[in-house]
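Have a look at the structure below before the remarks.
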Amino acid sequence: MRVGYFGGSFDPIHRGHVELARHILRAESLDKLVFLPARQAPHKKSGPGASGSHRLMMLGLALRGETGLSIDGRELDRAGPSYTFDTMRMIKDESPDDQLFFLIGLDSLGDLNQWHRIDELAKLVIFLVARRPGEHRDDMEAAARENSAIRYELLETPEIQASSREIKRRLASGQPVDEYLAPSVEAYIREHLLYDVPSSPASS
């Protein structure tokens, strides 16, 4: 099987994430694309956000009814930073015949040589690099080519008109977010008062 993995905090999962996943699933003819929520990303500072259990629940709501998209929550069960190598090694051991792909943004391509155990990780996965309209690639690709073990495919992807940071800001200030979040995800956030959201939506 051709299986792609989409790592991130998904704090919260939004329409842009799902749209990108659908696009990659089709463009790469993957058998499935798996969302891999991180407990703590190694390159991100910890900060305000939803717990792993809340993020997992929101992922389930956002992906309900989506064909070919699924969730693997194993990183949420491990303490400390979520290293991609550790996770993908476990997955490869479980399914040795699968061809594994890992989705990253173009901005991460130039940083791959700094990733934990990148030489070994590069033997396990092919990186799918999402390049959004207007992003330049030359410097990023030059950095990646310094490590001949890194295998990657550069993909043109749709512009994502959303960011988790902006969504949280809008939620906390009582602004509408229906453009960015599935109704079930927004309802969950309001029910559990996540991201400092007011207890009732702002009047329109």
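Rule-based calculations on the coordinates, nothing more; no lab input. This one's a predicted model, so the numbers in the text were calculated from it and none came from an experiment. As a convention, Cβ positions derive from the backbone with ideal geometry for all residues, glycine included, and neighbour counts pool all protein chains shown.
Structure values in brief
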| read-out | value |
| --- | --- |
| Order by protection proxy (mean Cβ within 10 Å, highest first), peptides 155-168, 177-190 | 177-190, 155-168 |
| Gyration tensor (alpha-carbon) shape descriptor, the stretch 1-123, a/c threshold 1.5 | rounded |
| Computed label-point distance, nm, for sites Arg74 and Ser95 using a 7 Å Cα→Cβ extension | 1.0 nm |
| Sites Ser163 and Arg22, calculated FRET efficiency, Cβ-Cβ separation with R0 25 Å, nearest 0.05 | 0.85 |
| Modelled FRET efficiency - R0 35 Å, Glu66 with Arg117, Cβ distances, 0.05 increments | 0.65 |
| Dipole of the stretch 1-121, positive end: most advanced residue of Ala21, Thr87, Ser51 [Cβ charges, Cα centre] | Ser51 |
